[in-house]
Every structure is written in structure tokens, then in C-alpha cells.
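First up is the structure itself, then whatever we jot down about it.
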Amino acid sequence: MSKQTYRVCYCFRRMFKLEVAEAPAEIKDLFNRYSDNGTMTVDQLQRFLIEVQGEDKATREEAEAIMESLKDFKHPNFFHRKGLNLEAFFRYLFGDINAPLDPSRRVHHDMTAPLSHYFIYTGHNSYLTGNQLNSDCSDVPIINALRRGVRVIELDMWPNSRKDDVDILHGRTLTTPVELIKCLRSIKEHAFVASEYPVVLTLEDHITPDLQAKVAKMVTQTFGDMLFSPGSESLPEFPSPEYWKRKIIISTKPPKKYVESKSTNEKDNGAQKVKDSSEEEACVFCCPSKKKKFSSVEEAWGKEVPDLKDKLDSFDKNEPEDEEHQDEEDFDDWDQKSQQNAAPEYKHLIGIHAGKLKAKECLRVDPDKVGRFSWSELVLEKAVITHGRDIIRLTQKNLLRIFPKGMRIDSSNYNPFIGWMYGAQMVALNMQTHGRSLWLMHGMFRANGGCGYVKKPDLLLKAGPHGEVFDPKQSLPVKTTLKVKVYMGEGWRKDFQHTHFDFYSPPDFYARVGIAGVPADSVMKRTKAIEDDWTPTWNEEFKFPLRAPELALLRIEVHEYDLSEKDDFGGQTCLPVPELRTGIRAVPLHNQEGDKYNSVKLLMRFEFVSD
């Protein structure tokens with residue numbers, strides 16, 4: 001047993017014993033049940049995998065492979081009797097091979113359904129490195145997003161200062177531009193590194209017809225055979241991700257006639273609007289009368305994800321729609337008159353047509369063709385109050401993109417479930433702003449092998465004999481209950497300096513565990529804090545009744561409690577409940593950016609029980 005010293009002042013030191021991680025009592029009991037005389041044989045390990053871990057098809061060969069991977073921890077007398085001792089068994093449970101999501105499971109959803117049947121990993125203002133007002137634009141965030149598995153990239157196209165080429169930037173702001181060609185080349189290089197399934201480029205077009213022609217040539221020459229070439233007829237149904245595998249698809253509105261004077265005026269007016277918006281936003285955070293008091297949890301990690309039930313119940317039905325930001329693609333709909341001067345070669349690039357749509361028009365969409373529509377989060381929040389079922393019917397065939405409200409100039413994000421639970425496929429978040437909303441996005445797209453496409457559950461795709469569809473706000477029966485036991489955690493001492501959490505003592509860790517999903521399922525609970533321990537053992541169990549487990553994510557967070565200051569960040573992860581492996585699992589935690597720590601893990605047990 002080693003010791004760790006903390007300096008309190010020049011003349012005083014505190015010394016703490018460092019305990020070696022030890023298997024909890026329940027783990028010892030299980031080992032005794034599936035072993036003889038302190039040794040677990042291959043056959044006993046196979047039985048453990050089947051009966052405790054829920055791996056019904058586990059073979060003897062798989063049990064042997066686990067033992068082989070643990071050869072450094074085998075029983076000292078394994079030459080006489082091959083098997084695992086308690087230490088080796090404990091190391092297996094805490095090992096990478098025992099992850100909560102099957103590490104060998106690749107794409108396993110049906111990828112041959114229409115594109116509208118999938119949630120798609122979607123970015124917002126994909127080129128920004130920071131806030132929406134004055135940060136740099138770059139191809140680096142695009143590269144990072146694609147390498148993480150993002151499948152929808154947004155590009156805002158504006159004429160450069162000389163009006164002879166195209167830049168990417170957040171228009172009417174102080175953001176510094178990046179050349180379009182640089183972004184296109186980076187997209188080509190990295191599009192299919194993380195996934196072979198299609199990449200959709202949503203374009204906001206603020207350029208003249210001659211620059212549209214230049215963009216068309218640039219896109220065609222850069223992507224070559226990767227670019228999907230649409231036919232002349234409107235699609236009655238979207239092709240599947242499998243059909244579009246390794247294709248890049250352009251999605252925007254057919255361009256209208258460009259009017260230089262109008263654009264200049266809009267630019268001036270828009271700059272004033274941004275200024276006014278920033279002043280209003282600053283008032284909320286700076287004026288003493290309007291300051292919000294955050295709990296230590298919020299101070300440590302930012303705001304908690306807004307509770308959907310409270311948000312939907314309290315939404316003002318009389319509040320006007322956010323018309324200014326209802327549609328970021330600032331163009332008229334598919335009327336031929338508005339397109340008369342547009343470059344034809346540019347129009348022919350468009351594989352997924354976008355258009356305007358108000359909530360009350362959901363049922364008036366042309367049934368003989370499909371399209372993509374965009375709403376701000378505020379428009380959606382109001383629309384679901386009176387048109388929730390109609391939105392689900394709309395998204396069974398058409399694509400719906402949700403983007404952050406215009407007031408989020410700090411590139412903050414919203415709760416993505418406001419879109420997902422109504423079938424919206426493209427819930428767009430700012431990938432450069434880390435926090436709980438983006439962690440939910442990471443969790444959703446850990447499903448299906450991390451390919452960036454997750455098949456929507458049947459409850460969002462089916463309609464009854466009289467057209468009735470799922471309503472996430474209605475009173476739903478409990479389908480199953482998820483039991484989660486948090487045994488212990490380890491790895492912080494390896495990944496952090498010993499004074500990272502507290503200058504004067506080892507950390508006081510506690511865990512938060514909960515569900516993100518439909519309003520009735522969403523909840524967070526927490527363990528007690530374990531004082532002065534790098535390997536905390538909580539041994540606490542929680543039960544989560546689930547009405548829509550198909551849409552649920554398991555949220556796991558760890559904090560370090562601090563009485564005098566804000567609590568420190570200790571790790572997080574979100575896991576798709578439908579793909580959760582039952583049994584005792586080693587859950588790796590991630591940092592604020594979503595990158596996995598080298599060593600930090602929790603030992604947890606997952607069980608689904610019927611009420």
C-alpha cells in the first residue's frame with residue numbers, strides 16, 4: 001500500500017494511504033459462485049457469461065479467448081489447473097473487452113430504408129471554431145466533425161471581398177472567412193474516414209449567378225464520382241443510405257435571382273440585428289436583476305439540459321414565431337419565376353431540395369415528392385404544442401432539420417430530444433461547443449457502429465388504421481425498467497495529477513446517473529460523495545421505468561464535490577439504451593470534448609426487468 005502527500009503550507013503536509021482497487025463484495029460473491037477453490041475454469045466463465053452477462057450465445061471458445069487475453073493475471077497454479085483467480089476475474093470485468101456497448105458490433109441496423117427513416121448526425125455552422133459573432137472560420141472543425149462521424153455539414157457561401165470567388169463565413173458578422181475550395185478539398189479527403197455512408201452538404205447560398213456557376217464547377221471537379229448526380233424528376237421517396245453509400249449529396253433551395261442592392265441593405269440591417277441581439281443576450285448574463293443562480297453541478301459543467309416536460313408545458317402559445325430565423329436558407333420556395341437568372345449547372349447539383357414550411361402546413365406537403373425543411377428550435381417548440389402528430393407524419397417521408405435559435409451567438413446548444421422525439425432527422429448542433437447537449441448527440445450516434453445513421457424506432461415510423469401516430473407527450477405505459485448499479489470507479493490517479501481536483505487531499509467523487517428521452521422518462525439521480533478516495537466505491541442502485549426505451553439514452557457523469565468552490569469535472573458518457581449490454585460492465589468515461597480518457601472507468605451493472 002503506497003502513500004500520497006499533499007502540501008498544505010511550507011511547514012505542514014497531509015499524508016493519505018492509497019488503497020489498491022479491490023473487487024466489491026457482490027463481485028467476490030459472484031466469483032465464489034462461479035469458481036471452485038479460488039479458480040474459475042473456462043466452463044465456469046462461459047456459464048457466467050450466459051447467466052450473468054446475458055450473452056446467451058457465448059461459446060467455450062469465447063471464454064477461452066477472454067482467459068488468453070488475461071494471461072498476465074492467471075492463477076499462479078494454472079499449470080495444474082487452468083483458470084482465473086479473483087484478481088484476474090476483476091481485471092476482466094474492468095477491461096476494454098467488457099464494454100457496455102459490444103466493441104465488435106458494427107453497422108447492424110437495416111440501411112436499405114428511405115433516408116427519412118434515420119436520425120442523421122448533423123452539424124450546425126460546421127466551419128466555425130467558436131462563437132457565431134467574431135470567431136474564425138476554418139476547415140479544421142469540418143475535418144474534426146467528419147472524423148467523429150458527422151454526416152451533415154453546413155456551409156454558408158458568400159462572395160469574397162473582390163466579388164470574384166466564394167468564401168465560407170457566418171454572414172453579417174465579424175467572423176473571418178475561409179475559402180470554399182479549401183473546405184471542399186478537406187471534405188473530400190475526410191468524408192468517409194469514419195463511415196462509408198453518405199455525407200450531405202447543406203448550403204446557404206448568398207452568391208451571384210456567375211459565382212453559382214463557379215461553385216458548380218468547383219464542386220464537380222473536386223468530388224468527381226463521389227458527387228451524387230440527381231435526375232431531372234422530383235423524387236417520390238428518398239433513396240436509402242445503402243444506395244447513397246460513399247456519395248456526397250448537395251442539399252439547398254433552388255437559387256433565386258440575386259439582387260445586389262437588396263443584399264447590401266440586408267447586410268447592413270443584419271449587422272444591426274446581430275448587434276442588438278448580442279446586447280440583449282449580454283443583459284441576461286450581466287444585469288444583477290437577471291442573473292441566474294447556478295448550482296455547483298451547473299457551474300462545473302455548464303447548464304443542465306433543459307427539461308422537456310417543463311419546457312413544453314410552460315411554452316407561451318401566444319409567443320410569435322421566430323420568423324427572422326425560421327429558415328436559415330434565406331430564399332423563396334420552388335417557384336420558377338424566382339429562379340430565372342440562376343446558373344442552371346448549379347441547380348442541377350441539388351440532390352435534396354429544401355423548401356419553406358410552416359407547422360400548420362405539415363399536411364399540405366406534396367405527396368408525390370419529398371423534400372427537406374428547416375425550423376429553428378423555437379419554431380419547433382411552439383409547433384409541437386398543436387401540431388405534434390402532424391410533424392411526426394411529415395417526418396415519416398420528408399426530412400426535417402432543426403437548428404439553434406438566433407440568440408445563441410455563443411454557439412450554445414439545445415436539447416436535441418425536442419427534435420428526435422418528433423422524428424426530425426437532422427437535429428443540428430454546434431460541434432465546437434462542448435456540454436451536455438452535445439454529449440447526448442455523441443451518445444445517440446454511438447449506436448449502429450458509429451456510422452452516423454441511426455434507424456428511427458418503429459413507433460416514429462408507423463401509423464394506425466385511422467392515421468394515428470405516436471405522441472411523446474401522452475401518458476404512456478411503462479415497457480420495461482432499467483436497473484443500474486454503480487459499483488465503483490478507477491483510473492483518475494493515472495490520468496490526472498494528484499492535485500488536479502483538490503490541492504490538499506484526494507478527490508471526493510460522486511456519480512450522477514439518469515435517462516434522456518421522452519419527457520416522462522427523463523430524470524437524473526446521484527450517489528453519495530466518497531471522501532478522499534481515488535477509487536471510490538459507491539455500491540448504489542437506481543431504477544428507471546421506461547415508457548419509450550427505443551428513444552432513451554443512459555446519462556452517466558462523475559463530479560468531484562467541493563464545499564467551498566464549484567464542483568470539478570470527473571468524466572461523462574451517454575449510452576444508447578437499446579444497445580446496452582446487460583450484466584456487469586466497465587464503462588469508459590470521456591472528457592468535456594467527448595474524447596475517451598485513457599484509464600477512467602466505472603464498474604456498473606445493467607438489468608432490464610418487467611414490472
Viscosity 1.002 mPa s, temperature 20 °C: give me the Stokes-Einstein translational D for region 422-465 in µm²/s, with Rh taken as the Kirkwood radius over C-alpha pairs. 176
Along its principal axes, what span do the Cα atoms of region 129-260 show, with the longest given first and each in whole Å? 40, 34, 24
Over region 475-545, what is the relative contact order in whole percent, taking alpha-carbon pairs under 8 Å and six or more residues apart? 45
Using the Cα gyration tensor of region 179-249, with a ≥ b ≥ c the square roots of its eigenvalues, what is the shape: rounded (a/c below 1.5), prolate (a/b larger than b/c) or oblate (neither)? oblate
May I ask for log10 I(q)/I(0) of region 480-575 at q = 0.18 Å⁻¹, from a Debye sum over the Cα atoms as equal point scatterers with solvent left out? -0.81
Relative to the Cα centre, what is the charge dipole magnitude of region 134-228, using +1 at the beta carbon of each Lys and Arg, -1 at the beta carbon of each Asp and Glu, and rounding to the nearest 20 debye? 120
May I ask which residue of ALA58, LEU70, SER138 lies farthest towards the positive end of the charge dipole of region 32-178, with charges of +1 (Lys, Arg) and -1 (Asp, Glu) on Cβ and the Cα centre as origin? LEU70
What Kirkwood hydrodynamic radius, in Å, does region 465-536 give when the mean of 1/r is taken over all pairs of distinct Cα atoms and then inverted? 15.8
Over region 104-227, what is the relative contact order in whole percent, taking alpha-carbon pairs under 8 Å and six or more residues apart? 25
Would you please classify the overall shape of region 390-451 from the alpha carbon gyration tensor, given that a ≥ b ≥ c denote the square roots of the eigenvalues, rounded means a/c under 1.5, and beyond that prolate means a/b larger than b/c while oblate covers the rest? oblate
Measure of exposure for LYS214: accessible area at 1.4 Å probe, Å² rounded to 10, is 80
Order by protection proxy (mean Cβ within 10 Å, highest first), peptides 101-110, 365-374, 408-417, 127-136: 408-417, 127-136, 365-374, 101-110
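The values are calculated or read from the model by the stated rules, or taken from the named source; none is laboratory data. If you're wondering where the values come from, they're calculated on a predicted model, not measured in any experiment. Glycine gets a Cβ as well: all are built from the backbone with ideal geometry, and neighbour counts include every protein chain shown. Calculation scope for accessible area: heavy atoms of the full protein, side chains included, ligands and nucleic acids excluded. Shrake-Rupley method; radii C 1.70, N 1.55, O 1.52, S 1.80 Å.
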